[in-house]
Amino acid sequence: MLDIKFVKQHIKMVQAKLDQRGQKIDLGPFTELDQKRRDILMELETLRFVRNTVSKEIGEKKQNKEDASDIISKAAEVSVKIKTLEEELVGTEENLRNFLMTIPNIPHESVVYGKGADDNPVIRTWGEKPLFPFPPKPHWEIGENLNILDFARAAKITGARFTLYRGMGALLERALINFMLDLHTTEHGYTEMLPPFMVNVNSMTGTGQLPKFADDLFKVEKTDYFLIPTAEVPITNIHREEILNEKDMPIYYTAYTPCFRSEAGSYGKDTRGLIRQHQFNKVEMVKFTTPETSYDELEKLTLNAEEVLKRLNIHYRTVSLCTGDLGFSSAKTYDVEAWLPGQKTYREISSCSNFEDFQARRASIRFRRSNGKVEFVHTLNGSGLAVGRTVVAVLENYQQPNGDAAIPEALKPYMKGIDRITAKGLA
RNA sequence: GGAGAGAUGGCUGAGUGGCCGAAAGCGAUCGCCUGCUAAGCGAUUGUACGCCCAUUAAAGGUGUACCGCGGGUUCGAAUCCCGCUCUCUCCGCCA
């Protein structure tokens, strides 16, 4: 959510920035609602002042055993008016808040203007595309040939867009999770968390999934809970409605969780393989920082994500999302895209964002400066990494002429020391 | 699932209708004292929103709201009533 005062004072600039996102967002109702709110509030506060004064008077009279019936009836009248105005105020504030809740964040000044993914500038690349003396296969073929990924049976068990991992495939997924968590906790300074995988409406609202994106979520029947679409939600909400100490910041958390996404509106896209699933695993990194350090922290966060691919020796590039491709809550986002030789394409494997105070204001996450002043924190998060897609990257980049998949050196300690995955077990 | 107890400021904890935004203690901050530390003394110590002043803002002044959340009673609610949520204890069930 944007800052009411800021929007009020810089309405033209905010409108111009939002226009760069390429969606039609009209701030007109904002000015109107805000004015209405202040008008009501002023009148209401005056009446409350009257009531408080009169009530005090009544109390004094009663104590002196004087008759107070005349002013009591007057006070009653005032109270009736107050009640009406209070209802009006609640309604107006709700409208204002609901309106602001649907307004996306303002892109940072360093974010380039663009219409969509094709306009995202490449910031850097690492490594090189590996050369294969044979046509590299897509991961779904490798995985099925090795009998480690079973899409057909997952569809039987549940439905489309789910995967059953088998044997070394399951181990590979688990190994990646542990490898990533160990890297972030022991070398990058993050504290590991294991949060609930379902959250309530307030948490979803705090990070921006609700009210606008309910269609993307799975709701648990007979409850008000939702399955998390990313660990960002429970982890960022750890400090919802709290005031942190400046000296405790920045705070770094990392967490492995499964993620559940309905992928509404993506029919026909990425229907094969592990790329787009209703359930997938992810290791997430979340930061709470002061406003003055958040952009430095975003750079570090992105490098932390990239480090995973470096250790696995997988070629990637990092792009900066342009204004038209930026997510709702984000002021600036870097996507790390791994090279997938089987599909001859770069594919997003991590997304690292600075939300500035957008989530913090929604979720009321603040900190107290050493001089006592209270301000909103900046929140950041990034995948470190999407585990299923990392499996894809490993299988496609490490595939062998005979169909085996080699194990990256860094992963061997997590894979019982084996060198490669070979086909075995019942088909 | 059944029975009971509770939810107050950073923490502990008082407060059963007006004198309570809230005692006391702890903690914290600043100052004094001190060779240093500790102790001691003094002061300060919630958040949000509105208005005034000022205008880059801050500070300041003033008002309103907030004692888990939501409603009700009342001229007036932390305090009384109702609903909900959460926590704790006991019993049952359970990975």
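Below are the figures for this structure:
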{"item": "So A:Thr271, is it buried (at least 17 other Cβ atoms within 10 Å of the Cβ) and either assigned by TED's automatic domain parsing to the domain that holds A:Glu356 or in contact with a strand residue (DSSP E or B) (Cβ under 9 Å, 6 or more places away or on another chain) (or both)", "result": "no"}
{"item": "A:Arg366 vs. criteria within 16 Å of RNA strand B (Cβ to nearest atom) and out of contact with any helix residue (DSSP H, G or I) (no Cβ under 6 Å at 6 or more places or on another chain)", "result": "yes"}
{"item": "Condition check for A:Leu96: open to solvent by 40 Å² or more (accessible area, probe 1.4 Å) and either within 11 Å of RNA strand B (Cβ to nearest atom) or more than 30 Å from A:Gln209 (Cα to Cα) (or both)", "result": "no"}
{"item": "Boolean, A:Pro196 is touching a Pro at 6+ places or on another chain (Cβ under 7 Å), within 16 Å of RNA strand B (Cβ to nearest atom) and open to solvent by 20 Å² or more (accessible area, probe 1.4 Å)", "result": "yes"}
{"item": "Some residue of segment A:361-383 being in a helix (DSSP H, G or I), open to solvent by less than 10 Å² (accessible area, probe 1.4 Å), within 25 Å of A:Leu244 (Cα to Cα) and in the same structural domain as A:Val201 (by TED's automatic domain parsing)", "result": "yes"}
{"item": "Criterion (within 30 Å of A:Arg48 (Cα to Cα) and under 26 Å from the mean Cα position of the chain (by Cα)) met by exactly one of A:Glu86, A:Glu109, A:Glu94", "result": "A:Glu94"}
{"item": "Scope segment A:8-23; condition free of Cβ contacts under 8 Å to residues at least 24 places away in the same chain and either of a type in the set (S, T, N, Q) or in a helix (DSSP H, G or I) (or both); matching residues", "result": "A:Gln9, A:Ile11, A:Lys12, A:Met13, A:Gln15, A:Ala16, A:Asp19"}
{"item": "Number of positions in segment A:211-228 that are in contact with a strand residue (DSSP E or B) (Cβ under 8 Å, 6 or more places away or on another chain) and either at pLDDT 90 or above or surrounded by 14 or more Cβ atoms within 10 Å (Cβ to Cβ) (or both)", "result": "7"}
{"item": "Residues of segment A:306-330 satisfying the condition of being part of a loop (DSSP other than H, G, I, E, B) and on the phi < 0 side of the Ramachandran plot", "result": "A:Ile314, A:His315, A:Leu321, A:Cys322, A:Thr323, A:Gly324, A:Asp325, A:Leu326, A:Gly327, A:Phe328, A:Ser329, A:Ser330"}
{"item": "Answer from A:Pro121, A:Pro107 - the residue that is assigned by TED's automatic domain parsing to the domain that holds A:Trp339, open to solvent by less than 70 Å² (accessible area, probe 1.4 Å) and either closer than 30 Å to A:Arg361 by Cβ or within 11 Å of RNA strand B (Cβ to nearest atom) (or both)", "result": "A:Pro121"}
{"item": "Residue in segment A:24-43 that is near RNA strand B (Cβ under 8 Å from one of its atoms), without any contact (Cβ under 8 Å) to a residue 24 or more places away in the chain and polar (S, T, N, Q) present", "result": "no"}
{"item": "Selected residue (only one of A:Ser55, A:Ser73, A:Ser79 is of a type in the set (Ser, Thr, Tyr), free of Cβ contacts under 8 Å to residues at least 12 places away in the same chain, in the same structural domain as A:Lys36 (by TED's automatic domain parsing) and part of a helix (DSSP H, G or I))", "result": "A:Ser73"}
{"item": "Out of A:Ser55, A:Ser79, A:Ser73, sole residue that is exposed (fewer than 11 other Cβ atoms within 10 Å of the Cβ), within 11 Å of RNA strand B (Cβ to nearest atom) and not charged (D, E, K, R)", "result": "A:Ser73"}
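Yes/no matrix, rows are residues, columns are (1) without any contact (Cβ under 8 Å) to a residue 60 or more places away in the chain; (2) surrounded by fewer than 17 Cβ atoms within 10 Å (Cβ to Cβ):
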| site | (1), (2) |
| --- | --- |
| A:Phe132 | no, yes |
| A:Asp150 | yes, no |
| A:Thr163 | no, no |
| A:Leu171 | no, no |
| A:Asn178 | no, yes |
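The values are calculated or read from the model by the stated rules, or taken from the named source; none is laboratory data. Since we're looking at a predicted model, the values are computed, not measured. Using ideal geometry, Cβ is built from the backbone for each residue, glycine included, and neighbour counts are taken over all protein chains shown. With ligands, DNA and RNA removed, areas are computed over all heavy atoms of the protein, side chains included. Shrake-Rupley method; radii C 1.70, N 1.55, O 1.52, S 1.80 Å.
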